[in-house]
Structure formats: structure tokens, C-alpha cells
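Student: Please see the structure below; I have some questions.
Just so it is clear, none of the values below were taken in a lab; they were calculated from the coordinates. Computed from a predicted model, the values in this text were never measured in an experiment. Glycine gets a Cβ as well: all are built from the backbone with ideal geometry, and neighbour counts include every protein chain shown.
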Amino acid sequence: MAAPAWKTAADVAEGYLTLNTVMLKKFEAHELVALQTELERAARETRGTVVPQDDAEASQKKNRRLLRISQSLTVIQAFRIRGR
């Protein structure tokens with residue numbers, strides 16, 4: 001992995017990076033586990049963020065971030081189940 005797992009997870013959460021099966025082929029098994037762990041940590045932190053009820057923009061940003069993380073976790077899990 002070129003960057004640490006926490007940095008890759010942060011890039012995915014912010015939308016700078018999108019995970020796909022071609023990209024995941026470059027990772028080794030322990031790197032995928034580390035990335036999955038960091039994405040799950042980012043999801044927990046994002047869910048714990050309190051957004052004011054009247055701030056629709058912040059709420060949408062939080063939801064988009066959670067969606068990107070969730071989709072990436074799904075891609076990683078499918079890739080790990082299917083194998084290389």
C-alpha cells in the first residue's frame with residue numbers, strides 16, 4: 001500500500017478516492033484488513049458527529065461521507081469473499 005491505511009480511509013471518506021476491484025488487487029490481505037478496520041473506525045466517528053438539526057448542508061455532508069464509507073466497505077467485503 002502506498003499510503004497508510006488511515007490516510008486511504010480518510011481519502012475514501014472525503015471522496016478523493018474510490019475503491020474498485022482493480023485497485024484492490026494491488027493490496028495484500030493484511031492491507032485489506034487494515035483498510036477495512038480504518039474505514040469502520042471512520043464510520044463510527046462520523047456517526048458520532050452531532051449535526052445541528054437546522055443545518056441541512058452539514059447533515060447532507062455527513063450522510064454522503066457515510067455512504068462513501070459504506071460503499072467502500074461493501075466493495076472490500078465482496079472482494080475478500082470472492083477472492084483474488
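Student: Kindly check whether there is at least one residue in region 6-20 that is surrounded by fewer than 13 Cβ atoms within 10 Å (Cβ to Cβ), touching a helix residue (DSSP H, G or I) at 6+ places or on another chain (Cβ under 7 Å), of a type outside the set (A, V, I, L, M) and under 18 Å from Ile81 (Cβ atoms).
Tutor: Checked region 6-20: at least one residue is surrounded by fewer than 13 Cβ atoms within 10 Å (Cβ to Cβ), touching a helix residue (DSSP H, G or I) at 6+ places or on another chain (Cβ under 7 Å), of a type outside the set (A, V, I, L, M) and under 18 Å from Ile81 (Cβ atoms).
Student: Ok, one more. Sort out which residues of region 15-51 are in a loop (DSSP other than H, G, I, E, B) and polar (S, T, N, Q), and write them in order of number.
Tutor: Passing the criteria: Thr18, Asn20, Thr49.
Student: Taking only region 72-84 into account, find how many residues are surrounded by 13 or more Cβ atoms within 10 Å (Cβ to Cβ) and either without any contact (Cβ under 8 Å) to a residue 24 or more places away in the chain or β-branched (Val, Ile, Thr) (or both).
Tutor: So the answer is 2.
Student: Okay, moving on. Answer yes or no as to whether Val12 is in contact (Cβ under 8 Å) with a residue 60 or more places away in the chain and either in a helix (DSSP H, G or I) or of a type outside the set (Val, Ile, Thr) (or both).
Tutor: yes
Student: Separate question: If you go through region 38-56, how many residues are surrounded by 13 or more Cβ atoms within 10 Å (Cβ to Cβ) and more than 12 Å from Ile69 (Cβ to Cβ)?
Tutor: Looking only at that region, the number is 1.
Student: Only residues that are polar (S, T, N, Q) and either surrounded by 13 or more Cβ atoms within 10 Å (Cβ to Cβ) or on the phi > 0 side of the Ramachandran plot (or both): list them for region 57-70, please.
Tutor: Ser59
Student: For region 21-60, name all the residues that are of a type in the set (Ser, Thr, Tyr) and closer than 23 Å to Gly83 by Cα.
Tutor: Of everything in region 21-60, those that are of a type in the set (Ser, Thr, Tyr) and closer than 23 Å to Gly83 by Cα turn out to be Thr21, Thr37.
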